[in-house]
1. Going through G64, G83 one at a time, which residue ends up being outside any strand (DSSP E or B) and over 30 Å from G48 (Cα atoms)?
2. Going through E310, E304 one at a time, which residue ends up being more than 19 Å from L157 (Cα to Cα), in contact with a Phe, Trp or Tyr (Cβ under 6 Å, 6 or more places away or on another chain) and among the acidic types (D, E)?
3. Could you say which residue among G287, G257 is surrounded by fewer than 14 Cβ atoms within 10 Å (Cβ to Cβ), out of contact with any Pro (no Cβ under 9 Å at 6 or more places or on another chain) and farther than 21 Å from T130 by Cβ?
4. I'm trying to understand the selection: among the residues of the range 125-140, which are among the β-branched types (V, I, T) and within 17 Å of the chain's Cα centre (by Cα)?
5. Can you find a residue in the range 192-200 that is modelled with pLDDT of 95 or more, of a type outside the set (K, R) and crowded, with 24+ Cβ neighbours inside 10 Å?
6. For the range 215-249, name all the residues that are under 25 Å from the mean Cα position of the chain (by Cα), outside any loop (DSSP other than H, G, I, E, B) and either of a type in the set (D, E) or more than 16 Å from W197 (Cβ to Cβ) (or both).
7. So G10 fits all but one of (1) in contact with a strand residue (DSSP E or B) (Cβ under 9 Å, 6 or more places away or on another chain); (2) within 23 Å of A308 (Cβ to Cβ); (3) among the small types (G, A, S); (4) modelled with pLDDT of 95 or more; what number is the exception?
8. Evaluate the range 37-55: report whether one residue or more is over 27 Å from S242 (Cβ atoms), surrounded by fewer than 20 Cβ atoms within 10 Å (Cβ to Cβ) and out of contact with any His (no Cβ under 9 Å at 6 or more places or on another chain).
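The values are calculated or read from the model by the stated rules, or taken from the named source; none is laboratory data. Nothing here was measured: the structure is a model prediction, and the numbers come from that model. Here the Cβ is made from the backbone with ideal geometry for all residues, glycine too, and neighbour counts use every protein chain on show.
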Amino acid sequence: MRAIQVREFGGPEVLVDTGLPDPAAGPGEAVVAVSVIDTIYVETQIRGGWGPQFGIEPPYVPGGAAAGIVTAVGEGVDPAWIGRRVVAGPGTAGTYAEQVAAPVDRLVPVPDGLGLPEAAALAHDGVTGTGIAEAVGIRPGERVLILGASGGMGTLLVQMAHAAGAHVVGAARGGRKLDLVRELGADAVVDYAEAGWIERAREALGGAGADVLLDGVGGELGLAAFALTVDGGRVSAHGASSGGFAPIDAEVAKRRGITLRGISEVQYGAEDIARLLSSALAEAEAGRLRPVIARTFPLARAAEAHTAIEARAVAGKALLTVRGRG
């Protein structure tokens, strides 16, 4: 089979199209013929040198989720899985490939009314976004500030907060992305690439600040947004696309009565992954949640996808497709 392999950490050019043996299904596993592969920003960071922090060393095949069709099962797995459209959800290693052996507890059936590209686009962000929205419990009338609102998960969180009846302020970079965020239901948008964005965000929030901060960016932007959170508010500081997580002082949050959730709170086990992903897929099938697919790239051009993601040139999701299947 064809696969993308990283033989050394570095820039997008280290993503090499190569031939590898077809996988076999071990006990508790199923082989999935991959159609569409999810990509997330952290994969570019792992490839760029963060790998050891995640227990990853070259050579390795990137990827952690994909959608496709089950073609074989291993010992102890119900043969009824064969032929089913599924998402091999987060925790499935090495999905930048034409085939992948996935633990059966990571498989989630794709509803009949949903396409495989849409299902793949929800594989990571649908799980995390649904889990975050569930945990923070957004209520009607609350003021919600979303950083990274034009990203794969940010676009979902905007829709979820809007559906919950909140006053949604989406922060992103550039007019095209802000237009998308507004289209998805944000009541106001702010460009955090511009000077004075904090003051404009405060004004958009009605002057009092945010009851809920959903930070998908991190770094100094996330820290600045934390200052906009009202005492007694809720914060999910789950993003690090700026290069690191927001350096929020947990003691300050505690003193202000702010409930602070970080990246560790969105590391789910197999049972929760299946539940949250099933919920996101059902919402998408019903038309209540729309994953924004910005661009698709053939698997062999994974380096171009990573380049676009790192350049912040993608508003929504970038997906990889397998020829004849995507």
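1. Going through G64, G83 in turn, just one is outside any strand (DSSP E or B) and over 30 Å from G48 (Cα atoms): G83.
2. Of the residues listed, the single one that is more than 19 Å from L157 (Cα to Cα), in contact with a Phe, Trp or Tyr (Cβ under 6 Å, 6 or more places away or on another chain) and among the acidic types (D, E) is E304.
3. None of the others qualify; the one that does is G257.
4. V127, T128, T130, I132
5. No, the range 192-200 contains no residue that is modelled with pLDDT of 95 or more, of a type outside the set (K, R) and crowded, with 24+ Cβ neighbours inside 10 Å.
6. D215, E220, G233, R234, V235, S236, A237
7. (1)
8. no
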